[in-house]
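Reviewing the structure listed below.
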Amino acid sequence: MPGTYKTEAVVLRSIRYGEADRVLHLYSSTRGRVGAIAKGSRRPRSRFGGRLEPFFRLDLVLHEGRGELATVTSASTVAAHPGLRSSGPALMAAARGCDAVLRLLDSAEANTPAYNLLCRYLALLDGEESTRGDGAGDGAAGLSTALAFRLKLALAAGFSPELVSCARCGESDGLVGFSGAAGGVVCAACERGAFELSPEAHRFMVEAVGSPLASAPSASYRALRQAERAVSETLEHHAHVRLRAAA
């Protein structure tokens, strides 16, 4: 119903609109995906300042009218992530992370695990929390952390790949490949149409799902690329979403 409400949200995307406005794609803690317009926000003396840019975490007051977009009436900063903004690789990693949320989570219902995961990832890229960092080309937090984020995001969205037993027959031994169509690991008897998934890549995926994001497990570049392919193909087949390359 129309009315005014408060929510915390992360700006996923900010688009110039008209002469002085911005259209925002937000992911909120209480409402999931939200589209909003900030009127006059691009004027030099706007009360919003520069805080309606991507990756800002904000306390917002929004007015919901009859249109598709809510109107931003108030915005205060929870986290600006200045460290993230000073690093080109970290900015690119944050953009890929927010793009993944934008593509995968389109519901207007709250998804607290997904929201908390996004906030944690941006904080890691900002350097607010320590992380091992593998230096594999995905900003401050490393490629392994970026892939751990995607695995956890898939889980929060309800599209986590099967990693414990064969996605086709249920066998738990002899898991040698991965099938996006089947939605998980497959055994030697069911590997037709699958690609090879090394034991190292399988271990990484299992440990990444079960570990805190700041403690993403290490793995070779080859294993990380196999894990990325597994996540990507699962989401393409079952969520009909194609994510940008992780690095």
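Observations
- Residue selected from segment 207-229 under the condition of a type in the set (Gly, Ala, Ser) and surrounded by fewer than 20 Cβ atoms within 10 Å (Cβ to Cβ), by the criterion farthest from ASN116 (Cα to Cα): SER220
- Look at (1) in a strand (DSSP E or B); (2) surrounded by fewer than 16 Cβ atoms within 10 Å (Cβ to Cβ) and you find that TYR27 fails only one, number (2).
- Residue in segment 1-22 that is surrounded by the fewest Cβ atoms within 10 Å (Cβ to Cβ), counting only those that are farther than 17 Å from ALA110 by Cα and among the small types (Gly, Ala, Ser): GLY3
- Here SER41 meets the list (1) touching a Cys at 6+ places or on another chain (Cβ under 8 Å); (2) outside the structural domain of GLY210 (by TED's automatic domain parsing); (3) surrounded by 20 or more Cβ atoms within 10 Å (Cβ to Cβ) almost entirely, failing just condition (1).
- Listed by first and then second residue, the pairs with beta-carbon distance under 6 Å, at least 6 apart or on different chains, first residue in segment 188-205 and in the same structural domain as ALA219 (by TED's automatic domain parsing) and in contact (Cβ under 8 Å) with a residue 24 or more places away in the chain, second among the hydrophobic types (A, V, I, L, M, F, W, C) and in a helix (DSSP H, G or I), are SER198/ALA223; ALA201/ALA223; ALA201/ALA227; PHE204/ALA223; PHE204/ALA227; MET205/ALA227.
- The one condition in (1) out of contact with any helix residue (DSSP H, G or I) (no Cβ under 7 Å at 6 or more places or on another chain); (2) under 21 Å from LEU117 (Cβ atoms) that PHE204 fails to fulfil: (1)
- A single member of ARG51, ARG43, ARG66 is in contact (Cβ under 8 Å) with a residue 12 or more places away in the chain, at negative phi and in contact with a strand residue (DSSP E or B) (Cβ under 6 Å, 6 or more places away or on another chain), and it is ARG51.
- Residue match in segment 212-219 (condition: among the hydroxyl-bearing types (Ser, Thr, Tyr) and at pLDDT below 95): yes
- Scanning segment 63-114 for residues that are polar (S, T, N, Q) and either under 12 Å from the mean Cα position of the chain (by Cα) or not in a strand (DSSP E or B) (or both) yields SER86, SER87, SER107, ASN111, THR112.
- Residue, surrounded by the fewest Cβ atoms within 10 Å (Cβ to Cβ), within segment 54-84, restricted to residues that are in contact with a Ser or Thr (Cβ under 7 Å, 6 or more places away or on another chain) and within 21 Å of ALA114 (Cβ to Cβ): ASP59
- Residue check, GLY49 surrounded by fewer than 17 Cβ atoms within 10 Å (Cβ to Cβ), closer than 23 Å to CYS119 by Cα and not assigned by TED's automatic domain parsing to the domain that holds LEU117: yes
- Of all the residues in segment 216-244, those that are free of Cβ contacts under 8 Å to residues at least 60 places away in the same chain and among the aliphatic types (A, V, I, L, M) number 1.
- All positions within segment 106-119 that are farther than 21 Å from LEU84 by Cβ and touching a helix residue (DSSP H, G or I) at 6+ places or on another chain (Cβ under 7 Å): ASN111, PRO113
The values are calculated or read from the model by the stated rules, or taken from the named source; none is laboratory data. This structure is a prediction, so every number in the text was calculated from the model and none was measured. Cβ atoms come from the backbone with ideal geometry, glycine included; neighbour counts cover every protein chain shown.
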